[in-house]
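Handing you this structure, nothing more for now.
The values are calculated or read from the model by the stated rules, or taken from the named source; none is laboratory data. Note that this is a predicted model, so its numbers are computed, not measured. These area figures cover heavy atoms from the full protein model, side chains too; ligands, DNA and RNA do not enter into them. Shrake-Rupley method; radii C 1.70, N 1.55, O 1.52, S 1.80 Å.
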Amino acid sequence: HGVIFSGTGSYDFTPGAVSRLGWVVGGLSYPENYTPATPGVIKTSYTYIRDLVNQNNITPINLNTLSNCSNPASSCSLPANLANGVYTSDGDVILTAANYNFPAGRDFVIMVRGDLRLNGEIHVPVGSTVLFTVQDDITVDRSVGVANSDSASPQIEGWYSADNNFTLLGIKNCPTPDLRLNAEGAIVVNASLSGGSFSYDNRDLCAAGSR
């Protein structure tokens, strides 16, 4: 079970619950302020990671040099044998694979100077690390998830840092519930400290259970 950190803002999971255990930190009744270790800096933000890459003289690999990712704003399918490294895109990225598994025993940083859309599942094996750091928004397609009664196995794994918003798309047409998204890792919003939120308003499990 994950922990939702809402800071000093409100949250609403009606008619469901945050999880079976109901773990929430912060909120209007018990607000919790988050103060970055370095004032004004979230260390997963696009600008921080970009500057760190530059300071260490790392040359990122442009996503559009990959064979199935020449136009990442419309379609990008990462290769199965993706090499270790830092990858970058100068604009939006749409990951289109229905189910992508990062290689084992490798580490990846993917920097997106724009929006990132996930149209399929992302899996990271034990022993590998993956960070997506996105200058604008991260959006998850409504097809990514499972029925609420199904397994709690994750559909997205890794670190996902959006300078602005992280949004779950859905249909929101009760009594037919949307899919439940199971995530393992961490999701960071407002990484630029300029405004952003985690939005699930369009994905509703209706009376099917907890979010």
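Among DSSP beta bridges whose residues both lie in the chain, state the antiparallel percentage, nearest 5.
Numbers: 3 of 44 bridges.
In the chain, approximately 5 percent of DSSP beta bridges are antiparallel ones.
Amide H of residue 87 versus every other amide H placed in the peptide plane: which residues, excluding those fewer than 5 positions away on the same chain, fall under 5 Å?
HN-HN under 5 Å from residue 87: 61, 109, 110, 111.
Right, something else. Relative to the longest principal axis of the C-alpha atoms of the chain, give the angle of the C-alpha long axis of helix 46-55, reported between 0 and 90° and rounded to the nearest 10°.
Compared with the principal axis, the helix lies near 30 degrees.
What Rg and what Dmax come out for the stretch 16-82 when only alpha-carbon atoms are used, in angstroms?
Taking only Cα atoms of the stretch 16-82, I get Rg and Dmax of 19.5, 51 Å.
Could you run the Karplus curve 6.51 cos²θ - 1.76 cosθ + 1.60 with θ = phi - 60° over the stretch 96-101 and give me ³J(HN,Hα) per residue in whole Hz, x for Gly and Pro?
With coefficients 6.51, -1.76 and 1.60, one gets 9, 4, 5, 7, 10, 10 Hz.
Counting only protein heavy atoms, what percent of the accessible surface of the stretch 86-135 is carbon or sulfur at a 1.4 Å probe? Write out the running numbers ahead of the final one.
On the way: 890 of 1870 Å².
For the stretch 86-135, the apolar C and S fraction of the accessible surface comes to 48 percent.
Then there's this: Taking springs between alpha-carbon atoms closer than 10 angstrom, which of 17, 162, 73 fluctuates most in the Gaussian network model of the chain?
17
Using alpha-carbon pairs under 8 Å, 6+ residues apart, how would you state the relative contact order of the chain in percent? Present the calculation step by step, with values, prior to reporting the outcome.
Numbers: 524 pairs, mean separation 36.8, N = 211.
Here the relative contact order equals 17 percent.
Report D for the stretch 1-122 in µm² per second (integer): Stokes-Einstein, Kirkwood Rh on Cα pairs, 20 °C, 1.002 mPa s. Let's see the in-between values first.
Values: Rh = 17.3 Å.
For the chosen part, D equals 124 µm²/s.
Follow-up. Anyone know which of 41, 140, 188 comes out most mobile in the 10 Å Cα GNM of the chain?
41
If you project the alpha carbons of the chain onto the principal axes, what extent comes out on each, in Å, largest first?
Cα extents, longest axis first: 48, 39, 30 Å.
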